[in-house]
Structure formats: structure tokens, C-alpha cells
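J.: Below you'll find the structure I mean.
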Amino acid sequence: MSSVLRSSHSLEGKTIVLGITGSIAAVRCVELARELMRRGANVHAVMTDDAQKIIHPEAMKYATGNHVITGITGAVEHVGFCGIGGRASILLIAPCTANTIGKIAHGIDDTTVTTFATTAFGSGIPIMIVPAMHESMYNHPIVIENIGKLTELGLEFINPVLEEGAAKIALSDEIILRVERALCNKTLAGKRIIITGGATSEAIDPIRIITNRASGKTGIELAHEAFRRGADVTLVHRGCMGIQGICEFSVENASDMTGTVLEELGKGYDLLISAAAISDFTIKPSKEKIKSGKEVALKLKPVPKLIREARTKYPDLKIIGFKAETGISVDELVKRARESMEASSLSMVVANDVSSGGMGTEDNEVYLIDSSIKRIAGTKQEIAAEIMDRVEALI
């Protein structure tokens with residue numbers, strides 16, 4: 001395997017056959033292969049003749065460190081990887097043209113990629129398809145019918161991004177996340193988790209707002225990690241990831257976030273993770289822009305606490321809270337976290353002192369506090385994984 005810097009071990013020990021067909025999006029496959037490898041995967045590329053007109057096989061050999069399959073030989077490569085007992089963990093066809101989708105749907109295997117697909121079908125190896133084509137082709141009723149047929153047969157599709165008249169290949173981050181969910185242990189399958197993340201903002205006037213420094217990265221990483229492990233995930237935040245399979249609500253202020261979460265909880269959830277830095281105060285906004293150049297006094301009034309509202313309305317709900325403090329000792333941080341746990345009957349509190357970092361950064365140092373205390377320092381993805389390890393035992 002070509003040497004790469006690991007970003008995680010989520011695909012450690014997995015063999016991914018990357019089927020590449022004749023879409024211009026094939027130029028993205030070097031990046032995609034490398035990102036899969038950074039998560040521990042062993043990637044083998046299979047290319048159609050048309051794909052080789054767009055990206056040279058040597059580029060994929062460089063990217064993967066493995067021989068690129070450009071034709072079926074006496075070594076019966078398709079059987080070795082995708083036959084019964086084959087080496088492949090998944091066949092990922094990215095990009096996949098309308099032509100290849102149609103051939104797979106009708107059992108035609110006249111290219112390397114379609115031969116691999118036919119073989120994987122017969123052996124039960126998962127197949128994931130990432131379409132890329134002109135939007136008019138993607139809208140063709142027969143293409144839509146073929147996608148529906150293959151979906152019913154158990155193939156997984158990652159929808160394209162529709163823009164500029166094209167059905168563009170999905171972003172690599174989304175493809176990787178979907179592959180991780182397909183191949184990782186489904187330790188949270190059947191569990192419903194709602195997560196809040198990031199900052200909220202309160203309007204001062206039609207232009208200005210009051211907010212805080214929270215970036216929302218922790219909430220996003222928690223949503224990703226729960227999704228990897230098979231959970232049904234809802235994320236309530238100010239942003240929009242647009243990841244297929246993760247339900248998102250975009251909210252602006254504290255009232256919107258609290259109202260959205262309380263309403264959504266009524267649909268039945270196993271866990272609330274309240275990671276958002278929700279505004280503690282709101283104001284009555286001016287209907288017109290406040291003129292600059294003079295002092296302005298703002299009257300702040302406290303807003304209801306989401307966790308308290310959720311606990312009152314859903315007394316049996318399991319809740320994980322976050323506690324951010326500044327300039328205090330670890331003992332005092334733990335003490336305040338435990339007070340929050342007792343006050344709202346929380347299952348766990350994630351606490352940290354943000355005066356030394358954490359807000360808006362890629363890394364953080366936190367304390368996971370339940371019946372025990374554990375210090376975690378690392379990337380927010382690593383911290384999210386540690387939290388989800390606790391969640392598995394909790395729900």
C-alpha cells in the first residue's frame with residue numbers, strides 16, 4: 001500500500017475496490033482513493049476503457065500503491081476480489097455513468113467494472129454507486145427506473161450534487177462517511193440520537209446579532225460518529241452539512257433551537273446530546289437598523305435552558321450535557337459539571353475550560369464526567385469517538 005498519513009482507523013483492515021467509469025469526475029478518484037487510505041483502507045482501482053481516456057491508470061497506481069485492473073485476465077481478478085469469499089469488503093463505483101448503471105441493472109457485464117458488479121451481486125458483497133453525469137441524463141425516466149430497480153435489489157446510491165446543469169459526483173467527505181457506515185460495526189443501529197451543535201445568535205436589529213465563538217465542529221463530529229455506527233441521527237444547528245441520511249434542522253436563535261428540539265423529541269429518541277453553545281440571553285430587536293456613532297444600551301433577558309425544558313417534558317430521556325467554563329481549576333470544573341448532572345439528571349457531562357482553547361479550534365481537551373472522570377485530549381473527531389463509546393454503553 002502506498003504510504004499515507006493516517007487521519008483515523010475507521011476503515012482499518014477493509015479492502016475497497018474502486019470502480020472508475022468514463023465520467024469527467026474520474027479526475028476526483030486520486031483524491032478519493034487517498035482519503036480512503038488515510039482511514040486505513042486498502043484500495044484497488046478497476047477502470048473501464050472510457051475511464052482510462054480521462055485519467056491514466058498510472059495515476060491510480062500511484063494513488064493506491066496497487067496494480068490497477070484495466071481488463072479481465074486469466075487471473076480472474078473479478079472473482080478474486082468480488083467472488084464468493086473474495087477479498088473485497090465493498091465495491092465502490094465512483095464515478096458511475098448512466099451507461100454503467102443501465103448495464104448493471106440489466107445484468108450486462110461487458111466492461112471491467114460491470115463484470116466486477118455482476119460478480120459482487122452474486123456473492124453478496126456490498127455495492128455502492130456514486131452517479132455523475134449531465135443533469136438531463138440523470139433525469140431520464142429510464143435512468144431513474146434503473147436506479148430504483150438497483151436500490152430495491154440492495155445497492156446503495158449516493159445522490160449527486162445538482163448544479164450548473166450537471167449531476168456532479170458527491171463530495172469525497174460524504175462518500176467516505178457513507179462507506180464507513182456501510183463497513184463499520186453497527187453498534188448504534190436502531191438508536192435515535194438528536195444532537196445540538198454550534199452557536200445560536202440573537203438579533204439586535206435587522207443587521208446585527210449577538211453570538212459566541214462556538215464553531216459547531218464538535219456537534220458535526222458527534223453526528224458523523226453516531227452515523228458511522230449506524231444510528232438514526234438528527235442534528236440541530238445553524239449550518240447545513242447536507243449529508244444524505246443525517247436529518248438536519250437549521251436554526252438561528254435560542255428559542256428556535258429549543259422549540260425545534262422539544263418538538264422533535266416528541267417523535268421518540270433514545271438520547272439528546274446538547275453540545276450547542278446556546279445563547280443565555282436574548283433581547284428585543286429593533287425593527288430598524290440602529291444608527292452608529294453613539295452609545296447604545298442593550299437590555300438582555302435570560303432565555304429558558306434547553307436541557308431543563310427537555311428534562312421537564314421528557315423525564316425519562318437520557319441526556320448528555322456540555323459544560324464550558326473559563327479560568328477555573330480542574331477540581332472546580334468537575335464540581336460544577338456534577339452539579340449540572342444532579343440538577344437535570346444527566347447521564348454524562350462533557351466539561352472543559354475554554355479559556356485555553358476549544359472554541360473554534362480543531363483540537364480540544366475535555367473531561368468526560370459520569371460515575372468516573374476521564375480526560376480526553378485530541379481532535380474533535382477523536383473526542384466524538386470517545387463520547388460515542390460511552391453512548392454505546394448508555395443506550
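J.: Taking the stretch 355-395 on its own, how many of its residues are over 15 Å from residue 219 (Cβ atoms) and surrounded by fewer than 20 Cβ atoms within 10 Å (Cβ to Cβ)? Walk me through it before giving the result.
T.: Residues of the stretch 355-395 over 15 Å from residue 219 (Cβ atoms): 355-357, 363, 365, 367-378, 382, 386, 389-390, 392-395.
Next, only the ones that are surrounded by fewer than 20 Cβ atoms within 10 Å (Cβ to Cβ) stay: 355-357, 363, 365, 367, 370-378, 382, 386, 389-390, 392-395.
Final tally of qualifying residues: 23.
J.: Return the residue satisfying two criteria in turn: it lies in the stretch 82-114 and is among the β-branched types (Val, Ile, Thr) and either assigned to a strand (DSSP E or B) or modelled with pLDDT under 95 (or both), and of such residues it is surrounded by the fewest Cβ atoms within 10 Å (Cβ to Cβ). Give the steps one after another, and end with the answer.
T.: Residues of the stretch 82-114 among the β-branched types (Val, Ile, Thr): 84, 90, 93, 97, 100-101, 104, 108, 111-114.
Filter once more, so that each one left must be either assigned to a strand (DSSP E or B) or modelled with pLDDT under 95 (or both): 90, 93.
Details: 90: 21, 93: 27.
Across the stretch 82-114, the extreme among qualifying residues is 90.
J.: Counting only residues that are out of contact with any strand residue (DSSP E or B) (no Cβ under 7 Å at 6 or more places or on another chain) and either of a type in the set (Ser, Thr, Tyr) or over 21 Å from residue 136 (Cα atoms) (or both), which one in the stretch 149-165 is surrounded by the fewest Cβ atoms within 10 Å (Cβ to Cβ)?
T.: Of everything passing the filter in the stretch 149-165, 152 is surrounded by the fewest Cβ atoms within 10 Å (Cβ to Cβ).
J.: Could you tell me which numbered condition residue 184 fails, if it satisfies all but one of (1) without any contact (Cβ under 8 Å) to a residue 60 or more places away in the chain; (2) surrounded by fewer than 20 Cβ atoms within 10 Å (Cβ to Cβ)?
T.: (1)
J.: Just checking, does the stretch 326-338 include any residue being out of contact with any Lys or Arg (no Cβ under 6 Å at 6 or more places or on another chain) and in contact (Cβ under 8 Å) with a residue 60 or more places away in the chain?
T.: Checked against the condition, which is being out of contact with any Lys or Arg (no Cβ under 6 Å at 6 or more places or on another chain) and in contact (Cβ under 8 Å) with a residue 60 or more places away in the chain, the stretch 326-338 yields no hits at all.
J.: Restricting to the stretch 362-385, name every residue that is of a type in the set (Ser, Thr, Tyr) and farther than 10 Å from residue 350 by Cα.
T.: At the first step, the residues of the stretch 362-385 found to be of a type in the set (Ser, Thr, Tyr) are 367, 371-372, 379.
Residues satisfying the conditions are 371, 372, 379.
J.: For residue 33, indicate whether it is surrounded by 24 or more Cβ atoms within 10 Å (Cβ to Cβ), touching a residue at least 40 places away in the same chain (Cβ under 8 Å) and either in the same structural domain as residue 117 (by TED's automatic domain parsing) or farther than 20 Å from residue 126 by Cα (or both).
T.: Values: surrounded by 24 or more Cβ atoms within 10 Å (Cβ to Cβ): yes; touching a residue at least 40 places away in the same chain (Cβ under 8 Å): no; either in the same structural domain as residue 117 (by TED's automatic domain parsing) or farther than 20 Å from residue 126 by Cα (or both): yes.
When the stated conditions are applied, residue 33 does not pass them.
J.: In the stretch 117-133, what residues are in contact with an Asp or Glu (Cβ under 8 Å, 6 or more places away or on another chain) and either outside the structural domain of residue 155 (by TED's automatic domain parsing) or not polar (S, T, N, Q) (or both)?
T.: Across the stretch 117-133, the qualifying residues are 117, 126, 127, 128, 129.
J.: Tell me, which strands (runs of 3 or more DSSP E) wholly within the stretch 285-395 include 1 or more residues that are aromatic (Phe, Trp, Tyr)?
T.: Numbers: elements: 318-325, 348-353, 363-369, 373-379.
By residue number, 318-325, 363-369.
J.: Of everything in the stretch 206-240, what is of a type in the set (A, V, I, L, M), assigned to a strand (DSSP E or B) and under 21 Å from residue 186 (Cα atoms)? Give them in sequence order. First the steps, then the outcome.
T.: Narrowing the stretch 206-240 to residues of a type in the set (A, V, I, L, M): 207, 209-210, 214, 220, 222-223, 226, 231, 233, 235-236.
Filter once more, so that each one left must be assigned to a strand (DSSP E or B): 209-210, 233, 235-236.
Within the stretch 206-240, 233, 235 meet the criteria.
The values are calculated or read from the model by the stated rules, or taken from the named source; none is laboratory data. Bear in mind that the values here come from a model prediction, so they are computed numbers and not experimental data. For neighbour counting, all protein chains shown are included, and Cβ atoms are generated from backbone atoms with ideal geometry for every residue, glycine included.
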